[in-house]
Structure formats: structure tokens, C-alpha cells
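Please treat every number below as a calculation from the coordinates, not as lab data. It should be emphasised that the depicted structure is a prediction, and the values quoted were computed from it without experimental measurement. Glycine also receives a Cβ, built like all others from the backbone with ideal geometry; neighbour counts cover every protein chain displayed.
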Amino acid sequence: MFSFTPWEVVLSVDSDLLRAYRVEDDAKVKERILMVSLLREGKSTYDAAETLHCSQSKVAYWKRRFEEGGIEGLRTRKRPGRPPKVPRAKMDEVRRILDGRDWWTIKAVREASFTA
């Protein structure tokens, strides 16, 4: 009947946000786009948080990220961290060996990791 979802009606205020919302696959980024669109409509961070059932600080955080980086600022950034001790290829081989079993033990994992 209607060609717009209820959220797309909210987003229709800003065609760039509507376009980004429609093509986005990540649900978290879509939620962030909705936050920004509610703020652009003139809602406060408290009202936007209430509408989306989240905290006001979350809305304020993503508002700042949008102001700094636009739509790209709403995407999740890669997080630094300790690199894995076991190379991915080795882990894939161990998984392949263990996937064929109904159950496994720590000893079986150790043996599979030394033979892989």
C-alpha cells in the first residue's frame, strides 16, 4: 500500500540519510542513521533516545561522530588488539580435523594442532 516504511517517513526530511538508510546492510548503522535523522528533525538527544529505546549518551556519542565524519562516521571502526598467537590457516586446519568428530578433548586439540 505505502512505498515508505515508518522510519523512511522520518528520514524523508533528508534525502541523503534516506538513501544511506536504504542501501545500508548493517542494522547498527541503520539505527545510528535514524538517530541523526531524529536530531535533524529538531528532537533533542533525550527525545531521540526515548524514541529509539536507547540511552541519551549513545545518541549524543553518535551525533558527535556524525558531525565529525558524516555517514562514514556512523560506521563501526576497526579496533586494535593483540594479534592471534595461532595463524588463521593453522586454526582452520585444526577446526577441519575436529569438525569430523562427535566430541573432542583437550588432548585431541593438542594433537590436531601439532599435526596440522
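Here are some notes:
- Of Ala112, Ala49, Ala89, Ala108, all but one fail to be among the hydrophobic types (A, V, I, L, M, F, W, C), without any contact (Cβ under 8 Å) to a residue 24 or more places away in the chain and surrounded by fewer than 13 Cβ atoms within 10 Å (Cβ to Cβ); the exception is Ala89.
- Restricting attention to the range 33-66, the residues being in a helix (DSSP H, G or I), over 20 Å from Asp16 (Cβ atoms) and of a type in the set (S, T, N, Q) number 4.
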